[in-house]
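Asks: Let me give you the structure first, and then I'll get to my questions.
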Amino acid sequence: MAILLDRDTRVLVQGITGREARMVTAHMLAYGTAVVCGVTPGRGGEQVAGVPVYDTVAEAVAAHRPAAALVSVPPAAVLDAALEAIDAGLRLLLIATERVPKHDALRLLYAARTAGVHVIGPNSVGLINPGQRVKLGAIGGDRPERAFVPGRIGVISRSGGMTAELGLMLRRHGFGVSTAVSVGGDALIGTPPADLLPLFQADPETDAVVLFGEPGTRFEEDVAEALADGRFSKPLLALVAGRFAESLPEGTAFGHAAAIIRGGSGRPSAKLAALRQAGAWVADDLDELFRFLDALASSGVHHETGQR
Amino acid sequence: MARLLEHDAKEILAARGIPVPRGQAVPAAEAARQVASALGGPVVVKALVPVGKRGKSGAVRLAADPEAAGDAAAALLGREVGGFPVDRVLVEEAVPVAQERYLAITLDADDRTVRVLVGREGGVDVEELARGEGAIAWLELVPGEEMMPFRARALWQSAGVRGPALPRLAQLTAALYRAFVELDAELLEINPLAETASGELVALDAVVALDEAALFRHPELAGRVLIGPAWRPPTALEQQVDAINAAEPYRGSARYLELEGGDIGFLCGGGGASLLLFDALLRAGGRPANYAEIGGNPTETKVAALARVVLSKPGVRGLFVAHNLTNNTQVDVLARGVVQALREAGRLPPDFPVVARETGVNEAEGRAIFEAAGVRWLGEEVTLSEAARVMVQAMRERYGEGDGDSARP
């Protein structure tokens, strides 16, 4: 079992003839993802890594019945591409593109919500399930196994790079990953961390979840709420980076567009307090995070542990 | 957010049919006197700085005649308001106001919506409005939906507005909403929105902030948008980094934020790891002199250019280079760029401590380049938090305990 994606999920790549998408397509295929078709308007009939390219999503869907799309098109084309995929009946979109205009993100997320389509991103490096050797997006590059080995820890990260780093550190500490999801570095994303918790809760292959948070947004507060009201009862280990930003004047984004403290909200200290209050294992740094994991492992990773 | 100064915001709104006072931005007192004289009657002289609450900091002055306008401009020009030097003032006609209203349109990313907020009484802070000091009302629009005037009428009515003002406010609100969407704005605030005795509406102030990611759709605004720290103008080194990105816009990204004091040059990535690394340096007792990020598989030229900037800030006595396990950024390219900049600056280990925690694509070659230059290279056996402690320890070994200033960001 897996969340969101498994070996049988048929994948379409939008913008497949682009430089980045060509490379990512080859890496996904090599890992085991069922990439069955691609779309670039005006390039129908070509092939990328043996994958047939179509002019429209409708055409690709008619021929191959994909369920998920990796959207890898320039920022100006994301809204159109996402609406095309939603219109053609795709059920899961992973939008890799960074710097999508906010008004476009609002519109596409609204359309997806209305149609019941699951969107990861924008600005997501991907999601990966090492147990089934399947990934959507660039996550893990051409050597996913360096960072992601099969295991029982779910990973949710607002940072794409930290998704890989956490996978690597988990592996070095003798843990593996059930599913790792880079939710995207923007504030306007389709699946904020709290929305993934019910999926990890229902996944029998996940014993605990590691969350990497950042300043800005209400994402971590929403996770705390899900913990507090019992929607998620497995151990949640959280690290919220960027506390230094609280000592600087407000209104500057660090790292990601969404990592901004504004109007007094989005402070890491408040997020940490909320998470701690709700029963999460809140780590001050990576080393402490792994001390928690070791403690969990020796206690058999049980649901009722983890008050701190 | 990309901000606009008031005169630019008003010009852009005026082009979309929003009435604004007649006026002009000028850089000198004499020019202010001339504009006031041409306008005739009393004028308002406003410092053009991208900060809020200018009225409270004395940056907005009423002048009864051209002489007084010149004096007001002379008093404001060269002053600093909210961290920004005043190099121009806006001189505009003083509009006789019968009633002040409040209007703001905001893109709320947390709630994934666009919200239109109106207040029967304007001229006060939104914070005061929110505390219930005046009748307010708001509505949210479905993304992509046009705002029909009937919805705006209902909105102003809920805020307690009656009579002939209602349809006029509604038309203006619908036009402002169109402008908000067309401009890819995140914030558009008109406060006060004035009603004259004859019932005409005039936007007396305009605060406009645009989505930086959408500026490619608005080439006409190039040169008018202000990007950078919200509390001061960009420094010379920050402007250098903007130029570095502009010279090579499609390969990798460099960011640089200058901090006060500090002695460790900070050259890290990606977005999340940099936050973690900066926290870790502070926790270990280190004093970063800047916050710089490099990522997205940059070229050697770009890496070297950013490293030069980081090294050139006075007071920098060591360099910390670190990333998360890289997905596409090539460690050897990073190493070449960093070592090139260190050599040029004549700042090499062991005299100048450099620690690099770099693991990922082309790691073996990158490690060899770092180590050949005497850089302390760290790999995946070392966590990002540990790497920061190694950096701080290297500074202590080289310069001794408790040396240097105690500046914090």
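Asks: Restricting region A:110-124 to residues that are open to solvent by 10 Å² or more (accessible area, probe 1.4 Å) and of a type outside the set (Val, Ile, Thr), which is nearest to the other protein chains (Cβ to nearest Cβ)?
Replies: Here is the first cut: in region A:110-124, the ones open to solvent by 10 Å² or more (accessible area, probe 1.4 Å) are A:110-111, A:113-118, A:123.
Narrowing further to those that are of a type outside the set (Val, Ile, Thr): A:110-111, A:113, A:115-116, A:118, A:123.
On the way: A:TYR110: 4, A:ALA111: 8, A:ARG113: 8, A:ALA115: 14, A:GLY116: 16, A:HIS118: 15, A:ASN123: 9 Å.
In this case the residue turns out to be A:TYR110.
Asks: With the checklist (1) crowded, with 19+ Cβ neighbours inside 10 Å; (2) within 14 Å of chain A (Cβ to nearest Cβ); (3) over 20 Å from B:PHE278 (Cβ atoms) in hand, flag the one item B:GLY337 doesn't pass.
Replies: (2)
Asks: It is to be established whether one or more residues within region A:293-307 are open to solvent by less than 50 Å² (accessible area, probe 1.4 Å) and within 14 Å of chain B (Cβ to nearest Cβ).
Replies: Yes, region A:293-307 has at least one match.
Asks: Related question: Note down all Cβ pairs under 6 Å where the first residue falls in region B:352-380 and is farther than 14 Å from B:VAL333 by Cα, the second is open to solvent by less than 10 Å² (accessible area, probe 1.4 Å) and part of a loop (DSSP other than H, G, I, E, B), and they're at least six residues apart or on different chains.
Replies: Qualifying pairs under 6 Å: B:VAL354/B:VAL375; B:GLY379/B:THR359; B:GLU380/B:THR359.
Asks: May I pose another question? Which residues, counting only those in region B:381-394, are open to solvent by 20 Å² or more (accessible area, probe 1.4 Å), free of Cβ contacts under 8 Å to residues at least 12 places away in the same chain and not in a helix (DSSP H, G or I)?
Replies: B:GLU381
Asks: Follow-up question, since we're still on this one. What number of residues within region B:347-368 satisfy the criterion of being outside any loop (DSSP other than H, G, I, E, B), more than 14 Å from every other protein chain (Cβ to nearest Cβ) and open to solvent by less than 40 Å² (accessible area, probe 1.4 Å)? If you could, list the steps in order and put the result at the bottom.
Replies: In the first step, residues of region B:347-368 are kept if they are outside any loop (DSSP other than H, G, I, E, B); the result is B:354-357, B:361, B:363-368.
Then drop every residue that is not more than 14 Å from every other protein chain (Cβ to nearest Cβ), which leaves B:354-356, B:365-368.
Those still in the list that are open to solvent by less than 40 Å² (accessible area, probe 1.4 Å) too: B:354-356, B:366.
Of the residues in region B:347-368, 4 are outside any loop (DSSP other than H, G, I, E, B), more than 14 Å from every other protein chain (Cβ to nearest Cβ) and open to solvent by less than 40 Å² (accessible area, probe 1.4 Å).
Asks: Follow-up. Name the single residue that is least open to solvent (accessible area, probe 1.4 Å) among those in region A:11-30 being more than 15 Å from A:ALA68 (Cβ to Cβ) and not small (Gly, Ala, Ser). Steps first, please.
Replies: Taking region A:11-30 as the starting set, the residues that turn out to be more than 15 Å from A:ALA68 (Cβ to Cβ) are A:17-20, A:22-23, A:26-27, A:30.
Those left that are additionally not small (Gly, Ala, Ser): A:17, A:19-20, A:22-23, A:27.
Working: A:THR17: 20, A:ARG19: 179, A:GLU20: 82, A:ARG22: 92, A:MET23: 84, A:HIS27: 46 Å².
The extreme case among them is A:THR17.
Asks: Another question, if that's okay. State whether one or more residues within region B:324-342 are under 25 Å from A:SER247 (Cα atoms) and in the same structural domain as B:ALA289 (by TED's automatic domain parsing).
Replies: We begin by selecting, within region B:324-342, every residue under 25 Å from A:SER247 (Cα atoms); these are B:324.
Then drop every residue that is not in the same structural domain as B:ALA289 (by TED's automatic domain parsing), which leaves B:324.
Taking every residue of region B:324-342 in turn, at least one turns out to be under 25 Å from A:SER247 (Cα atoms) and in the same structural domain as B:ALA289 (by TED's automatic domain parsing).
Asks: What tally of residues in region B:163-206 results from selecting those that are among the small types (Gly, Ala, Ser) and closer than 21 Å to B:ARG3 by Cα?
Replies: Summing the residues that are among the small types (Gly, Ala, Ser) and closer than 21 Å to B:ARG3 by Cα in region B:163-206 gives 5.
Asks: When you go through (1) without any contact (Cβ under 8 Å) to a residue 40 or more places away in the chain; (2) open to solvent by 30 Å² or more (accessible area, probe 1.4 Å) one by one for B:ALA63, which number turns out not to apply?
Replies: Result: B:ALA63 fails condition (2) only.
Asks: If we only count strands (runs of 3 or more DSSP E) wholly inside region B:52-166, which ones have 3 or more residues that are β-branched (Val, Ile, Thr) and within 28 Å of A:ARG262 (Cβ to Cβ)? First the steps, then the outcome.
Replies: Details: elements: B:60-63, B:89-93, B:99-108, B:113-119, B:136-141.
So the answer is B:113-119.
Asks: Next up: Are there any pairs, at least 6 apart or on different chains, whose C-beta atoms fall under 9 Å, with the first in region A:229-251 and more than 7 Å from chain B (Cβ to nearest Cβ) and the second part of a loop (DSSP other than H, G, I, E, B) and hydroxyl-bearing (Ser, Thr, Tyr), and if so, which?
Replies: Pairs that qualify, where the first residue is more than 7 Å from chain B (Cβ to nearest Cβ) and the partner is part of a loop (DSSP other than H, G, I, E, B) and hydroxyl-bearing (Ser, Thr, Tyr), are A:LYS234/A:THR206; A:PRO235/A:THR305; A:ALA245/A:THR252.
The values are calculated or read from the model by the stated rules, or taken from the named source; none is laboratory data. All of these numbers come straight from a predicted model, not from anything done at the bench. A quick note on method: Cβ atoms are made from the backbone with ideal geometry, for glycine too, and the neighbour counts reach across all protein chains shown. Each accessible area value is taken on the protein alone, full model and side chains, heavy atoms only, with ligands, DNA and RNA left out. Shrake-Rupley method; radii C 1.70, N 1.55, O 1.52, S 1.80 Å.
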